[in-house]
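Here is the structure we will look at, set down as structure tokens.
The values are calculated or read from the model by the stated rules, or taken from the named source; none is laboratory data. Only a predicted model underlies this, so the values are computations on that prediction, with no experimental measurement involved. Heads up, the Cβs are rebuilt from the backbone with ideal geometry, glycines too, and the neighbour counts pull from every protein chain shown.
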Protein chains: 2
Amino acid sequence: MSAASTPFITPDALLAQWQGHRRLTRRVIDAFPDDQLFTFSVGGMRPFGELAMEIINMGEPMVRGAVSGDWTMSRSRDPRPKQEILRLWDESTGQIDTLWAQIPPERFLETLSAFGQYTDALHNLILYVIDNEIHHRGQGYVYLRALGIEPPPFYDRS
Amino acid sequence: MSAASTPFITPDALLAQWQGHRRLTRRVIDAFPDDQLFTFSVGGMRPFGELAMEIINMGEPMVRGAVSGDWTMSRSRDPRPKQEILRLWDESTGQIDTLWAQIPPERFLETLSAFGQYTDALHNLILYVIDNEIHHRGQGYVYLRALGIEPPPFYDRS
């Protein structure tokens, strides 16, 4: 194996990492009282419901684009009940698994233009989506603490 | 190339990602007023200076352990001036680059026991360290906003 093709991590293992993060983020969404999801925030930042909708609108569309070249993406962050967010979340989870298996393995190292504006190696584009989820979920932890609610443990990805 | 050895990302590209995150985290540390780093927090959470010290005490020690099997780690989170944190930060940055180059490429897929208690594939252990940094930095963004300070842009890793 040449140095250039040595994996830090394989696509399957990265997907497992991501889905572990997604299980944790789902628990953070679920920990919010329904009436605080689109109203509560700290320091004038966006409420967690809007952040959750952003995460939903980035994850599956990124993977779908990588498979098909179809880069359409909903930008709706409108308030909706928690159960509806969780339903969209679970739908995305299944779609990400299905679509991931259709990405040709060599594509992760190729440069793509996502959503007509972000040009980078596919692995960097996907890591951006995951890192953005972790970043906003970290904000959600602070919102929960400020609401007097104990967030789920960060290390538990089951 | 077999499916098992197809890279999602190579070690060099992952290091570049991490160091991009570290440049952003350094700017977040630097954005805090010196007198708020170890005093200000939201919701009873730890102040950002403690989180920054945790990040410093995880990053370079993880890479050093992966190279040498030496898993010693400082647990000090004691308050200190911002310039001292930034000095430790910059020292770690150079050490991570130097040590990373010494990790045998096949080791990233091997299972290790880090710090005598965390057993996982090395790539998962390293991603945990990076994700923990992103998570706590996201909390730092909320602290900065609550202090009326605009945080550095998330997408800028230069």
Note to self: Please count how many residues of the range B:116-127 are more than 15 Å from B:Pro7 (Cα to Cα), at pLDDT 95 or above and not aliphatic (A, V, I, L, M).
What the structure shows: 3
Check: Can you name the residue in the range B:119-150 that is exposed (fewer than 15 other Cβ atoms within 10 Å of the Cβ) and farther than 30 Å from B:Ala31 by Cα and is also farthest from the other protein chains (Cβ to nearest Cβ) among such residues?
Finding: B:Thr119
Margin query: Name the residue that is farthest from the chain's Cα centre (by Cα), counting only residues in the range A:32-52 that are crowded, with 18+ Cβ neighbours inside 10 Å and among the hydrophobic types (A, V, I, L, M, F, W, C).
Written below: A:Val42
Note to self: Any residue at all in the range A:61-82 that's more than 30 Å from B:Ala101 (Cα to Cα), over 13 Å from the mean Cα position of the chain (by Cα), at pLDDT below 95 and surrounded by 14 or more Cβ atoms within 10 Å (Cβ to Cβ)?
What the structure shows: yes
Item checked: Residues of the range B:96-118 satisfying the condition of being closer than 26 Å to A:Arg22 by Cβ, touching a Phe, Trp or Tyr at 6+ places or on another chain (Cβ under 8 Å) and more than 7 Å from every other protein chain (Cβ to nearest Cβ) -> B:Ala114, B:Tyr118
